[in-house]
Amino acid sequence: MLRYVKFTFGTFQQRKLRSLLTMIGIVIGIALIVTLISLGQGLKSSITQQFESMGTDKIIITPGGSESFFGIGQVGIKLTDKDIDTVKKTPGINHVAGLGYKIAKVKYRDETKYTWLLGIPTDESFKVLETLQNFKVIDGRQLQKEDKYSVTIGTRLYSGKKDMLFEKAVSIRDKMEIEGQEFKVVGQMTEAGNPEDDSQIYIPLDTFIELFGGKKEYGMIYTDVSDPAKVEEIASNLKKDLRKSRDVKEGEEDFTVQTMSQILDSFSVILNVVQAVLIGLAAISITVGGVGIMNTMYTSVLERTREIGIMKAIGAKNADIILLFLIEAGVLGLLGGIIGTAIGLGMSKSIEFAAFYFGYSFFKVQISMFLIIGSVLFSFIVGSIAGILPALRAAKLSPVEALRYE
């Protein structure tokens, strides 16, 4: 076997450029597969960790039906105090918190920006939000009942990093203007891990309502349940209660009730579909690479016809000829797989670094030995399969005819 491998590498040295060009299809396909799988698994793991950190006992109610994403884009549909009262009366519900959110005009010193403004409760209902990463204060204090024109701010306003919202960092006790009203900064929130959440500004819910017309309407309602094991059952009952309260039929809901696991499942389905499509495209590249190897091996059989005749004349069997060409094709696939895997790992790590640079620090690629070994082994198998027909053709050559070939 070692002699066959040495012979194969000797052949590659004689045909370096052709061997390299033959491997390109395999290299590209394996690089794409490694990159896409490591990114997909990393994204899924990161999203799972984000939702797990929120707790499995949470239920989120948003305006808009199932076609909406957190109610965004559902013009004219609102949640009100009547909905909050309905939620509170549902058995198993623990705390209920209404939130307001809008894009607001924010001025700090001489700069004006537009960013998400969240109105959060400052009473007992805030307890449902305390366990969420986005609502933890790292410096200063949380908003309190007596606060009216006070704010807490996300990391992109105070961290001093390159992707800051304003040119200069906002400090505790600084003043900023929101929708024409002056506010004082009392706290700095911990990092959420993505630019949107880390750009948010938080103000008391009552002040938020006053700032935007005085109507008690909410963009989202957060709840937690007394028994996390029954969260799906409670969510189902809550949906029935809200249908009755809002006088809508089943299937025609103008609101959405979701548990954390349901939201996570929705993300997972989307990620799996996208990943499957992209891997399918990468598989096409590998198929093209396999055809390239087959074509090269057929050419090699023609070029080495006389050599095959000599080998048969001195005692080489058909099985020896087949094995020689299969090893050659397999090694082409194997080398392409190794190079492609290395490139794929490099690409995925580069994307992770870029994500971190642009503020998505929660995102980490996931690389396993199973992925690395599986990719290399798969490319070897593809190469070997591509070499079967040329190997059989070489084995069928008559020694006499092969020796006569010029």
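The values are calculated or read from the model by the stated rules, or taken from the named source; none is laboratory data. What you see is a predicted model; the values in this text were computed from it and never measured. Don't worry about glycine lacking a Cβ; one is built from the backbone with ideal geometry, like all the others, and counts go over all protein chains shown.
Checked against the criterion of being farther than 24 Å from Phe51 by Cβ, modelled with pLDDT of 75 or more and in a helix (DSSP H, G or I), the candidates Phe356, Phe378 yield just one match: Phe378. Exactly one residue out of Glu111, Glu196, Glu130 is closer than 30 Å to Ala354 by Cα, charged (D, E, K, R) and under 33 Å from the mean Cα position of the chain (by Cα): that is Glu196.
Within segment 273-312, the set of residues being in a helix (DSSP H, G or I) and charged (D, E, K, R) comprises Glu303, Arg306, Glu307, Lys312. When you go through Leu323, Leu371 one by one, which is the residue that is over 28 Å from Ile37 (Cα atoms) and touching a helix residue (DSSP H, G or I) at 6+ places or on another chain (Cβ under 7 Å)? The match here is Leu323. Quick check on segment 314-336. Is at least one of its residues over 48 Å from the mean Cα position of the chain (by Cα), in contact (Cβ under 8 Å) with a residue 40 or more places away in the chain and not in a helix (DSSP H, G or I)? No - not one qualifying residue is present in segment 314-336. Of all residues in segment 228-249, exactly one satisfies the criterion of being assigned to a helix (DSSP H, G or I), over 18 Å from Asp57 (Cβ atoms) and among the acidic types (Asp, Glu), namely Asp241. As a summary of the residue check, Arg173 satisfies the conditions (1) outside any strand (DSSP E or B); (2) surrounded by 15 or more Cβ atoms within 10 Å (Cβ to Cβ) except for the one numbered (2). Summed over segment 233-259, residues that are under 14 Å from Thr86 (Cβ atoms) and not aromatic (Phe, Trp, Tyr) total 17.
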